[in-house]
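Trainee: This structure is in structure tokens; I'll ask about it shortly.
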Amino acid sequence: MILIQILAATFLISLIAFAGVFALILKKELLNKALLVLVALSTGALLGGAFLHLLPEAIAIKGADLSIFLYLLLGFSIFFVLEQFLQWRHQHTASPTVKPFSYLILVSDAVHNFIDGLIIAASFVINLPLGISTTLAVALHEIPQELGDFAVLVYGGFGNKKALLFNFITALTAILGGIIGYLASSVMQTSMIYLLPFAAGNFIYIAAADLIPEIKHQVSLSRSIIHFVVFAIGIAIMLAVKYIH
């Protein structure tokens, strides 16, 4: 039953790769505004997932052990190094000003999605509500990321259909990560708990290093208020998920 839940969750996450279709439908100006609202929502969801779900669950199981916070820092640091090493950053605008490193984007996305699969698997193994909240946090983050990645691939020379296809193929590594995470949980049950603070570190890094700077580019007071309200809604959603189960 747990494996089915993991497969369903990771498959749904993989389908978000087709969010790039909206980049073809919406006008450029409207897409830019929609992306930033989604970025604000996903920022709140990621921080809410880290501080309201992943860390409290790890502490409840393991206690306020130093190792929990070391793995939190490890998760944060590894994503920092990964981003620097691959010369990659998440794209959240419809017209990114980057060099055409499309294949590098695909490789880094595959790695990132695989890690997402591992994290989702570990969460469902702990309990169903944690699995749902983690999947939701990942999904809300993936939507603006996949829209941005699609734009980067097209910018880098991919045709629209090819960009969607390759984006989806790399997204399928989330399913692989989910399966491996589930299989590993049966032989490394005690070790899987450390994926929770590790994931929290990932979530905090993405929110703080990639998403918040994008939101802060806005100088309009009205837009800033809207983004903060949506950011708060993202946190509220994760808080609601914690108590509605």
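Trainee: Filter segment 51-69 down to residues that are without any contact (Cβ under 8 Å) to a residue 40 or more places away in the chain and open to solvent by 50 Å² or more (accessible area, probe 1.4 Å) and give me whichever is farthest from I126 (Cα to Cα).
Mentor: Start the filter on segment 51-69 by keeping residues that are without any contact (Cβ under 8 Å) to a residue 40 or more places away in the chain, which leaves 56, 59-60, 63-66.
Restricting the remaining residues to those that are open to solvent by 50 Å² or more (accessible area, probe 1.4 Å) gives 59-60, 64-66.
On the way: I59: 13, A60: 11, A64: 18, D65: 18, L66: 20 Å.
Across segment 51-69, the extreme among qualifying residues is L66.
Trainee: Mind listing whichever residues of segment 204-218 are within 18 Å of the chain's Cα centre (by Cα) and exposed (fewer than 15 other Cβ atoms within 10 Å of the Cβ)?
Mentor: In the first step, residues of segment 204-218 are kept if they are within 18 Å of the chain's Cα centre (by Cα); the result is 204-215.
A208, P213 - these are the residues of segment 204-218 that are within 18 Å of the chain's Cα centre (by Cα) and exposed (fewer than 15 other Cβ atoms within 10 Å of the Cβ).
Trainee: From the list L12, L46, exactly one residue is at pLDDT 85 or above, within 22 Å of A110 (Cβ to Cβ) and open to solvent by 80 Å² or more (accessible area, probe 1.4 Å). Which is it? Walk me through how you get there before you give the answer.
Mentor: Values: L46 fails: open to solvent by 80 Å² or more (accessible area, probe 1.4 Å).
Matching residue, one of L12, L46: L12.
Trainee: Oh, and also: Go through segment 219-234 and give me each residue that's open to solvent by 60 Å² or more (accessible area, probe 1.4 Å) and either within 28 Å of F79 (Cα to Cα) or assigned to a helix (DSSP H, G or I) (or both). Please lay out each step first, then the result.
Mentor: At the first step, the residues of segment 219-234 found to be open to solvent by 60 Å² or more (accessible area, probe 1.4 Å) are 219, 221-222, 225-226, 228-229, 233.
Matches in segment 219-234: L221, S222, I225, I226, F228, V229, I233.
Trainee: Please go through segment 158-183 and give me each residue that is free of Cβ contacts under 8 Å to residues at least 12 places away in the same chain and either open to solvent by less than 10 Å² (accessible area, probe 1.4 Å) or over 20 Å from the mean Cα position of the chain (by Cα) (or both), ordered by number.
Mentor: Passing the criteria: G159, K161, K162, L183.
Trainee: Please state which of the following conditions L136 fails to meet, knowing it meets all the rest: (1) open to solvent by less than 10 Å² (accessible area, probe 1.4 Å); (2) modelled with pLDDT of 80 or more; (3) within 20 Å of A208 (Cβ to Cβ).
Mentor: So L136 meets the others, but not (1).
Trainee: Looking at segment 87-102, can you tell me whether even one residue there is of a type in the set (S, T, Y), at pLDDT below 80, in contact with a helix residue (DSSP H, G or I) (Cβ under 7 Å, 6 or more places away or on another chain) and in a helix (DSSP H, G or I)?
Mentor: yes
Trainee: Just checking, which of I61, I143 is under 23 Å from L183 (Cβ atoms), part of a helix (DSSP H, G or I) and modelled with pLDDT of 80 or more? First the steps, then the outcome.
Mentor: Numbers: I143 fails: under 23 Å from L183 (Cβ atoms).
Selected residue: I61, the only one of I61, I143 that is under 23 Å from L183 (Cβ atoms), part of a helix (DSSP H, G or I) and modelled with pLDDT of 80 or more.
Trainee: Any residue that is open to solvent by less than 10 Å² (accessible area, probe 1.4 Å), at pLDDT below 90, under 30 Å from V125 (Cβ atoms) and more than 19 Å from the chain's Cα centre (by Cα) - is there at least one of those in segment 146-155? Can you show your working first?
Mentor: Taking segment 146-155 and keeping what is open to solvent by less than 10 Å² (accessible area, probe 1.4 Å), we get 146, 148-150, 152-153.
Still in the running and at pLDDT below 90: 146, 148-150, 152-153.
Then keep just the ones that are under 30 Å from V125 (Cβ atoms); that gives 146, 149.
When the remaining residues are screened for being more than 19 Å from the chain's Cα centre (by Cα), the result is none.
Scanning segment 146-155 turns up no residue that is open to solvent by less than 10 Å² (accessible area, probe 1.4 Å), at pLDDT below 90, under 30 Å from V125 (Cβ atoms) and more than 19 Å from the chain's Cα centre (by Cα).
Trainee: So for segment 214-232 (the condition being closer than 28 Å to S67 by Cβ and aromatic (F, W, Y)), does at least one residue qualify? Step through it out loud before you land on a result.
Mentor: Applying the first criterion (closer than 28 Å to S67 by Cβ) to segment 214-232 yields none.
No, segment 214-232 contains no residue that is closer than 28 Å to S67 by Cβ and aromatic (F, W, Y).
Trainee: Identify all residues within segment 16-30 that are of a type outside the set (F, W, Y), in contact with a helix residue (DSSP H, G or I) (Cβ under 8 Å, 6 or more places away or on another chain) and in a helix (DSSP H, G or I); write none if there are none. Even if it seems obvious, please write down each step before you answer.
Mentor: Initially, segment 16-30 is screened for residues of a type outside the set (F, W, Y), giving 16-17, 19-21, 23-30.
Keeping just the survivors that are in contact with a helix residue (DSSP H, G or I) (Cβ under 8 Å, 6 or more places away or on another chain) gives 16-17, 19-21, 23-24, 26.
Hits for segment 16-30 are I16, A17, A19, G20, V21, A23, L24.
The values are calculated or read from the model by the stated rules, or taken from the named source; none is laboratory data. Treat the numbers as computed from the prediction; the structure is a model and nothing was measured. Cβ: placed from backbone, ideal geometry, glycine included. Neighbour counts: every protein chain shown. In case anyone asks, the SASA skips ligands and DNA or RNA and just uses the protein heavy atoms, side chains included. Shrake-Rupley method; radii C 1.70, N 1.55, O 1.52, S 1.80 Å.
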